[in-house]
Each structure stands twice: as C-alpha cells, then as structure tokens.
Amino acid sequence: MAFRIVFASLACSLAFLNMVRAEDVPPTSQGKVLRPFPQAGNFPMKGVVPDSASQEQVNKIVRDFYSYWKAKYIVSSVRVPCDYKVKYDHKGRTVSEAMGYGLILTAYMAGSDPEAKRLFDGLNAFRKRFPSKINPAFMNWQIPKDEKPIRSDSATDGDLDIAFALLLAHGQWGDPRYLEEARSLIHEIGITLVRPDGSLRLGDWNEESGQTRPSDIMPTHFRAFRDATGDELWTKVERASYGVLNQLQTQSSSHSGLVPDFSIEENGGWIPAKAKFLESPHDGEFYYNACRVPWRIGWAASTLSDPRAETALKPFMAWANSNIQKPDAFLAGYRLDGSDAKGNDFDTACFIAPTGVAASALGNQAWVNGVFAYCSNKREEYFEDTISLLSLLVMTGNAWIPLEHQSGPHS
C-alpha cells in the first residue's frame, strides 16, 4: 500500500505541474503548513491530557496510529488518477461519513505527514464526483467499490464533517479556495439539513419533522460555521442541539446520561426512537451511532469551554465511573437505563475511545490514562480504528478548532 501511494504521489505531482504554474497559485496554497502536527499546547484547552507518558511520547503514539490508519484505509480511486477514498468495508465501498473523517484526519496530520495536502485534495475531489440526487452540493452517502455512479441521497454527518474539514484545510494551508468551498457547503447545509426549529434532519431525503440523530450534534462544527460565515443560524442550531440532549437525558436517561442512536419528537419533547426506526433493533439505545456522542460533546467541552457540553457529559461520566469503573470494561452497547444491550458482551474502541474525550474534558485523569493505554494498542476495523484515532487527537490536545474569532456560547 505504501508503495502504491508513493507511486501515485509522483504521478499526481507531475500531472499537476503540467496543468498549473506556480505563479498561478496563491503563495500560501503551495504547501506551507500553518498549524503542523503536533499542536498540543498551542491553543486553549480545558481539562487534562494523558500523563502516563511525556507529550512527545503521546504525540508519537498518535502519529504511529495515523500512519497505520492511512496505510490501511486510504486507497486510490479505481477510475480517476490522483483521487482517493477511505475504504469503509471489506467490499471496498466508501461512504460520506468515511470521507469526512479522512478529510479531517489528513488536515490535522499535515506537517507530520508530507503527503497530507495531496491526500486531502484527492479525497475532496473524489467526494465531489458523487453528488446526492436530491441536493448535489452534498455527497451521495455510499459509493460502491467500482465507483459506478449510483443515484442516492445524503447523510447529514458526512457533509457536516466535510464542511468542517474544508475550514481546517483553510486554517492549515491558507488557500482561500478552501474557505470559499466551505462557505458554499455550509450555506447548503443550513437551507437543506436544518429545520426551522434548529434541529438537524437525517439527510436531504428526510422531509418528516421531529427526527434526528444525536451523534450528528457537533457543537465544534456549528461554532466554526458561525465563525466562518457570520450566520447566527448556527447559534440557533447549537442551542437546539443542546436542548435535544437535555430532554433526552432528563426524561429518558436521568440515571445514566446515555442517549439513543436516533430520536423523535413527540408531544413537544424529544424521546428515543423505537426499535428498527431506521437501522436496527438498537435504534433507541446507546449503540453504534450514539457511541460517538461523548467524543463530539467532550470535544466541545474541552476546546470551547462550553458549560452546556459539560452539563451533558457529567451524568454520563458519573454513571460510567460508578457502574463501569474502568474504561476497558465499557461494553459495546447499553439500554438507556444503563443495563446491557443485547449482544454487547465485548469491548471495542468505538465505544471506549469517546469516553476518554469526555473524561478529558471533565478532568478525570485516571480514566483518560486508561483509555489512552487501551487505544494505543487496540487495532480493529475501519469504524473502530477511525473513532479511536479521532478521539486520541482530541484527548491529547491536538484537535484545534478553525476559529478566527474566539468567542463563548451565545444563548
């Protein structure tokens, strides 16, 4: 895999040089890295980072994990030279979620990975070849291995992460074209995927009211979108999102603080969706979608110092500390009352790694160290490995937010 990527790099570089002269490209877009990895200590962060090793050792573990992840999951397009995709499964498919994650990771690892910008641009070019049939600004949510065009629709999380990654790219390499592209995509997200009440649709196909996925709640992204566009819609989205979490926790999981994979609005309040609402019998439980919530909300608590995020994390971590007691005992799925979900009798990084972000934001040093040790050695498949690496970036203090204007939450 490493040989193929190097060979592709040479071919793509030659092709690019044949198309574009250096003087045609803004100086800041010619490869200068403005915020090279590692960035720990270079931006405000609330909470704790792993202290079981030096920061240099911690950064090396993240760097090595990324090298493994890149070699295993970033593959060349089978149809267009210089385009790349993130391999989602053993069938060779990719999905918009995976593309968003890949874009975020390559932007963060620039400076450590000399190929980061080329890979970012190749991933970005790939996703633009597969527009949603409903709103072509968004990516089609799944692409088969052969990359033959199929007509399908979008998934909200993928496009939110893609837009955020474009803002990271602007902050990382300074090219204003990334910012322009991000603003255009953010505008489309605002008019298509945000309801009048500020709640998020599941995708551009989701016309029904009162349906959302808590793992799509990404306050770091909403704050960056507001900063990049000046659009106060994103303040409304942020406020509404915390409202969804608060209702779910106070009404449906006051003991555990757990939230479900999917939620619906009923009688003016947000409640867990029923089994098989959209994906599985676990749709109303803390399962493979909701496992990401402690990462998303912990990230906001640590980098934005938002008390609303801390409020959402505290009951969850109190339950984990009392009932799970150590990170590697956290299992793969729970009912909202804290009891075991059916078939959860194993551990996996996509559930455990996000708890480290929550613990980091709340200052739970022992839990952070335990999660860090677990993730440092655990290697699984695409979803588990990717959530683990993204969580490690946050809990080690390396996941900066692309904000030009630092500001607190707006009520």
If you go through 212, 250, 156, the only one that is on the phi < 0 side of the Ramachandran plot, among the hydroxyl-bearing types (Ser, Thr, Tyr) and without any contact (Cβ under 8 Å) to a residue 24 or more places away in the chain is 250
Name the one entry in 302, 360, 263 that is hydroxyl-bearing (Ser, Thr, Tyr) and touching a strand residue (DSSP E or B) at 6+ places or on another chain (Cβ under 7 Å).
263
Just checking, how many residues over the stretch 274-295 are free of Cβ contacts under 8 Å to residues at least 60 places away in the same chain and either farther than 22 Å from residue 97 by Cβ or among the small types (Gly, Ala, Ser) (or both)?
4
What is the one condition in (1) closer than 18 Å to residue 282 by Cα; (2) surrounded by fewer than 24 Cβ atoms within 10 Å (Cβ to Cβ) that residue 351 does not satisfy?
(2)
Answer from 310, 265 - the residue that is charged (D, E, K, R) and farther than 20 Å from residue 391 by Cβ
265
Taking the stretch 315-348 and keeping only residues that are of a type outside the set (A, V, I, L, M, F, W, C) and not in a loop (DSSP other than H, G, I, E, B), one is left with 315, 321, 322, 323, 327, 328, 334, 340
Of all residues being surrounded by fewer than 21 Cβ atoms within 10 Å (Cβ to Cβ) and touching a strand residue (DSSP E or B) at 6+ places or on another chain (Cβ under 7 Å) in the stretch 318-343, which is nearest to residue 394 (Cα to Cα)? Just the residue, please.
331
Can you confirm whether the stretch 180-192 contains a residue that is closer than 28 Å to residue 258 by Cβ, touching a Leu at 6+ places or on another chain (Cβ under 9 Å) and not assigned by TED's automatic domain parsing to the domain that holds residue 267?
yes
So which of 372, 330 is in contact (Cβ under 8 Å) with a residue 60 or more places away in the chain, within 27 Å of residue 221 (Cβ to Cβ) and not hydroxyl-bearing (Ser, Thr, Tyr)?
372
Could you give me the residue pairs with C-beta distances under 7 Å whose first residue belongs to the stretch 171-189 and is small (Gly, Ala, Ser), whose second residue is assigned to a helix (DSSP H, G or I) wherever it lies, and which are 6+ apart or on separate chains?
174/28; 174/29; 182/163; 182/166; 182/167; 182/170; 182/228
Restricting to the stretch 244-291, name every residue that is in a loop (DSSP other than H, G, I, E, B), among the aromatic types (Phe, Trp, Tyr) and more than 25 Å from residue 349 (Cβ to Cβ).
277
Test of understanding: among 113, 121, 83, 89, which residue is acidic (Asp, Glu) and more than 24 Å from residue 32 (Cα to Cα)?
89
Is it true that some residue in the stretch 283-300 is basic (Lys, Arg), surrounded by 19 or more Cβ atoms within 10 Å (Cβ to Cβ), within 23 Å of residue 367 (Cβ to Cβ) and more than 18 Å from the chain's Cα centre (by Cα)?
no
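The values are calculated or read from the model by the stated rules, or taken from the named source; none is laboratory data. Nothing here was measured: the structure is a model prediction, and the numbers come from that model. Please note: Cβ atoms are built from the backbone with ideal geometry, for glycine as well, and neighbour counts cover all protein chains shown.
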